[in-house]
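One structure is given here, and the rest of the page talks about it.
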Amino acid sequence: MNIILLGPPGAGKGTQAHRLVAERGMVQLSTGDMLRAARTSGTEMGKQVAAVMDAGKLVTDEIVIGLIAEQLDSATDAGFIFDGFPRTLAQADALGELLESKGASLEAVVEMQVDDEALVARITGRFTCGECGEGYHDTFKTPAVENTCDNCGSVGSFKRRADDNEDALRTRLMAYYKDTSPLIGYYYAKNMLKRIDGLGEIDEVAGRISGALDG
Ligand code: AMP
């Protein structure tokens, strides 16, 4: 089953994608993670997108479609979770064509609904373990032992995203409403849209997603 997790920045797409990977063996394809990896490894493309990402703007369709196209050959029986992709109508069309060319299809698009105020609170306090990727938050989920990852035990490896600040977040939200939210109508018309409430505990939201996918 190939699915898209759709929602504004901070809706919890990455967190829920990790759950689906652990529980169902699906493969997460996050263009945000791919772009951050390109920056860390210092590739030409990584350098090209750095300023755009830090400002909270969208990287070109050509770059992100290329990144996804490279990944679609990886073997998966359980299916792909597209996380943070597509973000424009052009990307949505390209994804449909890419899947079709592999003899595959998209089964569901889960829209995670979270209001703006909650997004700001979630994003401005979040950080992750640089070793294992476990997510934390200054208010909602602090590590049991200060500066130590609950999951992998590494010390001093927490990091914050450069674009998780209020200015960049405002730009990211604008990009979501202007360029990405038209996808809601696009997938609704294709009868693929499942809307769920993205507010609440991680387990609760995970339950709603499972219900939407299996129901
Ligand atoms: P994310 O981790 O999904 O929040 O993405 C972080 C940043 O990477 C975004 O603010 C964009 O600058 C860029 N990005 C990630 N995915 C896309 C995409 N599908 N289209 C355009 N830009 C993207």
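Is there a residue in region 14-31 that is within 13 Å of the ligand (Cβ to nearest atom), among the charged types (D, E, K, R), modelled with pLDDT of 95 or more and at negative phi? Within region 14-31 (the criterion being within 13 Å of the ligand (Cβ to nearest atom), among the charged types (D, E, K, R), modelled with pLDDT of 95 or more and at negative phi), the answer is no, since none of the residues qualifies. So which residues in region 115-130 are of a type in the set (Asp, Glu) and either modelled with pLDDT under 90 or buried (at least 16 other Cβ atoms within 10 Å of the Cβ) (or both), if there are any at all? Within region 115-130, 116, 117 meet the criteria.
When residue 85 is tested against (1) within 14 Å of the ligand (Cβ to nearest atom); (2) surrounded by fewer than 18 Cβ atoms within 10 Å (Cβ to Cβ); (3) of a type outside the set (Gly, Ala, Ser), only condition (2) is not met.
Has region 125-148 got any residue that is in a loop (DSSP other than H, G, I, E, B), touching a residue at least 60 places away in the same chain (Cβ under 8 Å) and either of a type in the set (Val, Ile, Thr) or farther than 25 Å from residue 4 by Cβ (or both)? Within region 125-148, not a single residue is in a loop (DSSP other than H, G, I, E, B), touching a residue at least 60 places away in the same chain (Cβ under 8 Å) and either of a type in the set (Val, Ile, Thr) or farther than 25 Å from residue 4 by Cβ (or both). Once region 72-90 is narrowed to residues that are at pLDDT 95 or above and more than 15 Å from the chain's Cα centre (by Cα), the residue that is nearest to residue 3 (Cα to Cα) is 79. Report whether or not residue 106 is more than 10 Å from the ligand (Cβ to nearest atom), assigned to a loop (DSSP other than H, G, I, E, B) and within 26 Å of residue 177 (Cβ to Cβ). It is true that residue 106 is more than 10 Å from the ligand (Cβ to nearest atom), assigned to a loop (DSSP other than H, G, I, E, B) and within 26 Å of residue 177 (Cβ to Cβ).
Considering each residue of region 94-114, count those that are among the small types (Gly, Ala, Ser) and surrounded by 14 or more Cβ atoms within 10 Å (Cβ to Cβ), and give that number. Let's see the steps before the verdict.
So in region 94-114, the residues among the small types (Gly, Ala, Ser) come out as 94, 96, 101, 103-105, 108.
Still in the list and also surrounded by 14 or more Cβ atoms within 10 Å (Cβ to Cβ): 94, 96, 104, 108.
The number of residues fulfilling the criteria is 4.
Looking at 62, 111 in this structure, which one is among the charged types (D, E, K, R) and away from the ligand (no atom under 14 Å from the Cβ)?
On the way: 62 fails: away from the ligand (no atom under 14 Å from the Cβ).
Residue meeting the stated conditions: 111.
When residues in region 150-188 are screened for being surrounded by fewer than 13 Cβ atoms within 10 Å (Cβ to Cβ) and near the ligand (Cβ under 10 Å from one of its atoms), 0 of them pass. Suppose the filter is more than 10 Å from the ligand (Cβ to nearest atom), more than 18 Å from residue 206 (Cβ to Cβ) and modelled with pLDDT of 95 or more; does residue 57 pass it? Here the answer is no, as residue 57 does not meet what is asked.
The values are calculated or read from the model by the stated rules, or taken from the named source; none is laboratory data. Everything quoted here is computed from the prediction, not taken from an experiment. No Cβ is skipped: glycine too gets one built from the backbone with ideal geometry, and neighbour counts run over all protein chains shown.
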